[in-house]
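The values are calculated or read from the model by the stated rules, or taken from the named source; none is laboratory data. Just so you know, these numbers come straight off a predicted model, no measurement behind them. Glycine also receives a Cβ, built like all others from the backbone with ideal geometry; neighbour counts cover every protein chain displayed. Just so you know, the surface numbers come from the protein's heavy atoms only, side chains and all, with ligands and any DNA or RNA stripped out. Shrake-Rupley method; radii C 1.70, N 1.55, O 1.52, S 1.80 Å.
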Amino acid sequence: MSAAQEHRIVERRTVVLAVGAVGAAAALTACGGSDGSGGGSGGTGGTDPVEQPGSGGAGGAVLAKTADIPEGGGMVFAAQKVVVTQPRAGEFKAFSATCTHQGCAVKDVTDNVITCPCHNSTFDAATGSPTGGPATQPLPARQISVEGGAITLA
C-alpha cells in the first residue's frame, strides 16, 4: 500500500470518528432538556429559590419557602436536580428531577402531575409513580425537611 493510500484511509477514519462523536453529542443534548432556569408553566417558576451560600445542592440547602410551592403544583430546582411538590395543602414531597425514561429533566408540575418535556412522560406528584409513558419507572424520592416555612434538602 502506498503512503498516499494510507493517508486517505487515516483521513476517512478521522471523518467517520468525528461524525460519530457529533451524532452522540447531539443525542445527549436532545435528552438533556435542562436550561437551569427552573422555569416552566404550572407553578414551576416565578420565585427564585432561597439558597444558603456555598450550598451547591448539598444536604441542608434551603430550596424554597413553603409558600412558594403551589398546592397541586411544584417547582423544579435544576441545579439540585430535584422537584418539590405540594399534592395536598401542607404536604410536601420531593423527587429526582431526572426522568426515568431517558434522563431528561422534568420541567412542569400542574394539577398534581409532573411532566417531562422530552417524550411527555408524566408522574404522580404525590408518589412519583408514572401515570403516562413512555417512562415505566417512578421518579426516585428525595429527602427534604420542612421547618419554619422553609424546605431544605435533608
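Please verify whether region 117-133 includes one or more residues that are under 14 Å from the mean Cα position of the chain (by Cα), touching a residue at least 60 places away in the same chain (Cβ under 8 Å) and open to solvent by less than 60 Å² (accessible area, probe 1.4 Å).
Looking through region 117-133, at least one residue is under 14 Å from the mean Cα position of the chain (by Cα), touching a residue at least 60 places away in the same chain (Cβ under 8 Å) and open to solvent by less than 60 Å² (accessible area, probe 1.4 Å).
Scan region 83-103 for residues that are touching a helix residue (DSSP H, G or I) at 6+ places or on another chain (Cβ under 6 Å) and farther than 14 Å from GLN137 by Cβ and report the count.
Going through region 83-103, the residues touching a helix residue (DSSP H, G or I) at 6+ places or on another chain (Cβ under 6 Å) turn out to be 102-103.
After this cut, where a residue has to be farther than 14 Å from GLN137 by Cβ as well, the list is none.
Summing the residues that are touching a helix residue (DSSP H, G or I) at 6+ places or on another chain (Cβ under 6 Å) and farther than 14 Å from GLN137 by Cβ in region 83-103 gives 0.
What residue, among those in region 60-92 that are touching a Leu at 6+ places or on another chain (Cβ under 7 Å) and farther than 16 Å from ILE114 by Cα, is surrounded by the most Cβ atoms within 10 Å (Cβ to Cβ)?
Of everything passing the filter in region 60-92, LEU63 is surrounded by the most Cβ atoms within 10 Å (Cβ to Cβ).
Could you list, in sequence order, the residues of region 65-105 that are of a type in the set (A, V, I, L, M, F, W, C) and not in a strand (DSSP E or B)?
Going residue by residue through region 65-105, those that are of a type in the set (A, V, I, L, M, F, W, C) are 67, 69, 75-79, 82-84, 89, 92, 94-95, 97, 99, 104-105.
Result: ALA67, ILE69, ALA78, ALA79, ALA89, ALA97, CYS99, CYS104.
Would a scan of region 99-107 turn up a residue that is more than 15 Å from THR66 (Cβ to Cβ) and either exposed (fewer than 15 other Cβ atoms within 10 Å of the Cβ) or more than 12 Å from the chain's Cα centre (by Cα) (or both)? Spell out how you get there, then give the answer.
Kept after step one, since they are more than 15 Å from THR66 (Cβ to Cβ), are these residues of region 99-107: 99-107.
Subset that is either exposed (fewer than 15 other Cβ atoms within 10 Å of the Cβ) or more than 12 Å from the chain's Cα centre (by Cα) (or both): 103.
Yes, region 99-107 contains a residue that is more than 15 Å from THR66 (Cβ to Cβ) and either exposed (fewer than 15 other Cβ atoms within 10 Å of the Cβ) or more than 12 Å from the chain's Cα centre (by Cα) (or both).
Would you check if there is a residue in region 52-64 being among the hydroxyl-bearing types (Ser, Thr, Tyr), at pLDDT below 95 and touching a strand residue (DSSP E or B) at 6+ places or on another chain (Cβ under 9 Å)?
Checked region 52-64: at least one residue is among the hydroxyl-bearing types (Ser, Thr, Tyr), at pLDDT below 95 and touching a strand residue (DSSP E or B) at 6+ places or on another chain (Cβ under 9 Å).
Give the residues of region 134-154 that are in contact (Cβ under 8 Å) with a residue 24 or more places away in the chain and assigned to a strand (DSSP E or B), sorted by residue number. Can you show your working first?
Taking region 134-154 first, the residues in contact (Cβ under 8 Å) with a residue 24 or more places away in the chain are 134-144, 146, 149-154.
Listed by number, the residues that qualify are ALA141, ILE144, VAL146, ALA150, ILE151, THR152, LEU153.
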